[in-house]
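As structure tokens, the structure follows; a few thoughts come after it.
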Amino acid sequence: MDETNRQVILTARPSGIAQAEHFAVRQAAIAQPGPGEILVRNHYLSVEPAMRGWIADSDNYAAPVAIGSVMRALAAGQVVSSGDDAYQIGDDVTGWFGWQDYACVSTDQVVQRTSAAEMRASLGILGINGVTAYLALTSIGQPRAGETVLVSTAAGSVGSAVGQIARILGCHTIGIAGGPDKVRRCVETFGYDSAIDYRGEDVGAAVARIAPHGIDIYFDNVAGRISDAVLPHLAMRGRVVVCGTASIDCWMPWPQGPRVERHLLVKRARMEGFVIFDHMDRYADAVAQLRAWIAEGRLTWREEILDGIEACPDALAGLYRGENDGKRLIRLV
Ligand SMILES: NC(=O)c1ccc[n+]([C@@H]2O[C@H](COP(=O)([O-])OP(=O)(O)OC[C@H]3O[C@@H](n4cnc5c(N)ncnc54)[C@H](OP(=O)(O)O)[C@@H]3O)[C@@H](O)[C@H]2O)c1
């Protein structure tokens with residue numbers, strides 16, 4: 001076992017997206033688990049756009065990460081010491097282990113058991129990203145065969161899963177992504193019927209051209225100007241799944257934009273927010289469904305692996321620069 005535990009600490013609270021200078025890597029002693037705890041050697045650390053919200057000191061669904069503490073993160077690794085009979089040395093687990101080499105945590109921080117083969121997937125397609133895609137699309141979007149589903153961040157981890165699941169359920173799919181490479185990947189890798197480059201095209205005009213009868217489900221991961229361009233094209237009784245707000249720079253005071261109420265009223269449309277943590281009772285069933293689709297060859301994903309804990313401080317800002325090609329993970333082992 002290494003002698004020290006490298007930890008990525010939040011050192012300052014940014015007003016916007018956390019940059020590399022808001023974190024530091026420090027060395028700490030490796031704690032030993034007490035009763036009901038396990039010591040996990042992290043193999044992969046997850047990088048999520050949602051970390052921006054976990055860091056921000058404004059209204060959110062969870063308390064902000066404290067300055068001076070280890071950055072909150074999902075991670076996957078192996079149990080190396082256990083104070084809980086339910087967990088043995090060598091068990092592979094995914095959970096709230098933070099951006100660090102070793103996590104000494106209560107076993108209620110474990111999200112799911114995994115395996116060496118599925119460790120990376122357990123942080124992406126078989127983890128929070130895939131489960132969010134499946135549950136948010138089916139519970140709020142309620143897709144029916146033949147409907148048109150439009151997805152923002154369509155080449156990303158959540159978005160690419162949404163597009164493929166909508167297609168499995170018989171829907172016509174349109175992706176929105178940044179740049180020609182991601183747009184090509186949407187169609188060639190993730191099976192979207194068509195895709196729009198929001199950096200190079202007029203999004204509203206493209207949606208009108210591709211979906212003249214309107215959008216039945218808009219799975220929104222970005223909000224802001226992209227959504228402003230999409231919402232006028234909702235079909236009658238359209239549904240908007242509000243899953244992420246990646247393009248909103250400032251949450252407080254509320255950003256100003258078009259007023260959508262009248263438009264929702266006329267279209268009898270519904271707009272609803274989704275937070276995965278409200279749906280943990282359905283997590284295991286969702287993973288089982290996703291795993292079955294993967295086994296059938298109907299669901300694929302991409303991962304982008306950065307090496308070493310030193311990659312953590314800039315990894316979140318990189319997501320907001322759109323650098324990632326699929327699920328961004330940090331490999332430690
Ligand atoms: N509500 C929930 O429970 C829940 C759970 C998990 C994830 N999410 C949300 O789902 C979304 C996708 O997450 P992910 O993990 O799959 O990340 P991801 O899509 O793999 O990566 C983030 C992507 O967001 C896009 N992006 C970043 N800044 C943007 C901007 N200003 N305007 C437009 N697009 C921008 C970039 O793609 P382009 O290069 O295409 O612009 C970037 O690659 C995020 O909004 C996240 O918060 C929500």
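The values are calculated or read from the model by the stated rules, or taken from the named source; none is laboratory data. Here the structure is a predicted model, which means the values were calculated and not measured. We place every Cβ from the backbone using ideal geometry, glycine too, and count neighbours over all the protein chains shown.
A few remarks follow.
- Qualifying positions in the range 162-182 - more than 18 Å from residue 147 (Cβ to Cβ) and either basic (Lys, Arg) or in a helix (DSSP H, G or I) (or both): 180, 181, 182
- Scan of the range 81-105 for residues that are closer than 18 Å to residue 28 by Cβ and small (Gly, Ala, Ser), ordered by number: 81, 98, 103
- The set of residues in the range 31-63 that are on the phi < 0 side of the Ramachandran plot and surrounded by fewer than 16 Cβ atoms within 10 Å (Cβ to Cβ) comprises 31, 32, 34, 35, 57, 58, 59, 60, 61, 62, 63.
- A count restricted to the range 106-122 and to residues that are assigned to a strand (DSSP E or B) and within 23 Å of the chain's Cα centre (by Cα) stands at 5.
- Residue in the range 1-30 that is surrounded by the most Cβ atoms within 10 Å (Cβ to Cβ), counting only those that are of a type outside the set (Gly, Ala, Ser) and touching a Cys at 6+ places or on another chain (Cβ under 8 Å): 8
- Residues of the range 191-209 satisfying the condition of being among the hydrophobic types (A, V, I, L, M, F, W, C), in contact (Cβ under 8 Å) with a residue 24 or more places away in the chain and either outside any helix (DSSP H, G or I) or over 23 Å from residue 228 (Cβ atoms) (or both): 195
- Of the helices (runs of 4 or more DSSP H) contained entirely in the range 255-327, not one carries at least 1 residues that are touching a strand residue (DSSP E or B) at 6+ places or on another chain (Cβ under 7 Å), among the polar types (S, T, N, Q) and assigned by TED's automatic domain parsing to the domain that holds residue 42.
- Meets criteria (free of Cβ contacts under 8 Å to residues at least 40 places away in the same chain, surrounded by fewer than 18 Cβ atoms within 10 Å (Cβ to Cβ), under 30 Å from residue 100 (Cβ atoms) and not aromatic (Phe, Trp, Tyr)) for residue 228: no
- For the range 139-161, filtered to residues that are part of a helix (DSSP H, G or I) and buried (at least 24 other Cβ atoms within 10 Å of the Cβ), the residue that is farthest from the ligand (Cβ to nearest atom) is 141.
- Residue within the range 199-208 that is away from the ligand (no atom under 14 Å from the Cβ) and surrounded by 24 or more Cβ atoms within 10 Å (Cβ to Cβ) present: yes
- Matching strands (runs of 3 or more DSSP E) fully within the range 1-104 where at least 3 residues are of a type in the set (S, T, N, Q): 4-10, 74-82
- Cβ pairs under 6 Å, 6+ apart, first in the range 171-190 and at positive phi, second in a loop (DSSP other than H, G, I, E, B) and within 12 Å of the ligand (Cβ to nearest atom): 179/199
- The requirement of being basic (Lys, Arg) and within 17 Å of residue 308 (Cα to Cα) is fulfilled somewhere in the range 38-47, by at least one residue.
- Filtered residue count, the range 286-323, keeping only those that are more than 16 Å from the ligand (Cβ to nearest atom) and at positive phi: 2
- The requirement of being more than 12 Å from the chain's Cα centre (by Cα), away from the ligand (no atom under 14 Å from the Cβ) and either part of a helix (DSSP H, G or I) or of a type in the set (D, E, K, R) (or both) is not satisfied by residue 185.
- Residue list for the range 231-247, restricted to those being without any contact (Cβ under 8 Å) to a residue 40 or more places away in the chain and within 12 Å of the ligand (Cβ to nearest atom): 242, 245, 247
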